[in-house]
Amino acid sequence: MEPQNYNRRSFIKKMAVGGAALSFAGIFCQKGAGKRPNILFALADDWSWPHAGFAGDTVVKTPTFDKLAREGVVFKNAFVTAPSCTPSRGAILTGQFHWRLEEGGNLWSSLPQKFDVYPELLEQAGYFVGFTRKGWGPGRFEEGGRKRNPAGDRYSDFKEFMEKRPENTPFCFWFGSYDPHRKYDLGSGVKSGMKIEDVTVPACLPDSKEIRSDICDYYWEVQRFDREVGELLQMLEQKGELENTIVVMSGDNGMPFPRCKSNLYDLGTRVPWSSAGANRSMERGSYPTLFRLPTLPRPF
């Protein structure tokens, strides 16, 4: 295949054809396509739509997600293929529906090596890849014939990853937060200043003081995830890399409450997703405009 130079229109068209993961690889593996963008993929652990400020929630504060949504794009109908960590992350990494991944379609499983994952495809094309905290899983990737986590080599944090990155090499980094997965620090949300009377309780849950406080604890961890992603963007800006980095911010499945996570209802499968990518100059403190990425279709 001859190398192609992608402008904004052709990029959008290409990305709309297939899944996000393998579309990344198909475009950025072409070494002759000019300067290739970096990729920062930030994934929360158990985060439901609409629990973000941009989505209309007045209690949880998500300035990083909101800024990406305002200056990039937000997908208001993004659904994961499975409301569970392992199959959802396998689908993200492979661009496949989870039911095509054999044993990888189950929680605490493996991901057979025959299924390509986009970090390895990008690595083969010259990208420096890695992840921190929670990558693919939970499960045993060794049982699938793999020598490392499908998300790449593990690093203690983004700083270590960037320090070990070879000079002038594009990177693909997976920031896998453990937030807002349980367990929570009891009362952490209220202690931070949230008011339980302002919480909108999902209709599937009892409307009680205890439930409202528990939702605030969940919100507190959503806010920590949002803050840490903001710190990563600041780091990229300080290094002069933000302008050439595509940022994707989302969740692997819904909130860890009854009738949410592990259930095929919207609170289990619908997730926040905002994205931004570099294609223009930027002022300090602002995030770049967007390369539009496709949402995954609903699983039913």
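Here are some notes:
- In segment 125-137, the residues that are in contact with a Phe, Trp or Tyr (Cβ under 6 Å, 6 or more places away or on another chain) and either surrounded by fewer than 16 Cβ atoms within 10 Å (Cβ to Cβ) or hydrophobic (A, V, I, L, M, F, W, C) (or both): 128, 131
Yes/no per residue for (1) surrounded by fewer than 23 Cβ atoms within 10 Å (Cβ to Cβ); (2) at pLDDT below 95; (3) under 15 Å from the mean Cα position of the chain (by Cα); (4) of a type in the set (Val, Ile, Thr):
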| residue | (1), (2), (3), (4) |
| --- | --- |
| 68 | no, no, yes, no |
| 89 | no, no, yes, no |
| 97 | yes, no, no, no |
| 105 | yes, no, no, no |
| 111 | no, no, no, no |
| 115 | yes, no, no, no |
| 120 | yes, no, no, no |
| 123 | yes, no, no, no |
| 139 | no, no, no, no |
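- Qualifying residues in segment 180-208 (those that are assigned to a helix (DSSP H, G or I) and of a type outside the set (S, T, N, Q)) - the one surrounded by the fewest Cβ atoms within 10 Å (Cβ to Cβ): 197
- Residue in segment 141-152 that is surrounded by fewer than 21 Cβ atoms within 10 Å (Cβ to Cβ), at pLDDT 95 or above, of a type in the set (Gly, Ala, Ser) and closer than 22 Å to residue 261 by Cα present: no
- Some residue of segment 142-154 being touching a strand residue (DSSP E or B) at 6+ places or on another chain (Cβ under 6 Å), touching a residue at least 24 places away in the same chain (Cβ under 8 Å), at positive phi and assigned to a loop (DSSP other than H, G, I, E, B): yes
- Some residue of segment 209-228 being farther than 24 Å from residue 181 by Cβ, within 18 Å of the chain's Cα centre (by Cα), of a type in the set (S, T, N, Q) and part of a helix (DSSP H, G or I): no
- Candidate set: segment 155-179, residues that are in contact with a helix residue (DSSP H, G or I) (Cβ under 6 Å, 6 or more places away or on another chain) and either of a type in the set (Gly, Ala, Ser) or in a helix (DSSP H, G or I) (or both); chosen: the one farthest from residue 44 (Cα to Cα): 158
- Segment 166-197: number of residues that are touching a Leu at 6+ places or on another chain (Cβ under 6 Å) and farther than 21 Å from residue 254 by Cα: 2
- Residue within segment 161-179 that is surrounded by 13 or more Cβ atoms within 10 Å (Cβ to Cβ), over 29 Å from residue 59 (Cα atoms) and aliphatic (A, V, I, L, M) present: yes
- Residue match in segment 49-61 (condition: assigned to a helix (DSSP H, G or I), modelled with pLDDT of 95 or more and of a type outside the set (A, V, I, L, M, F, W, C)): yes
The values are calculated or read from the model by the stated rules, or taken from the named source; none is laboratory data. Since the structure is predicted, the reported quantities are computational estimates derived from the model, not experimental observations. In this analysis, Cβ positions are derived from the backbone assuming ideal geometry, glycine residues included, and neighbour counts consider all displayed protein chains.
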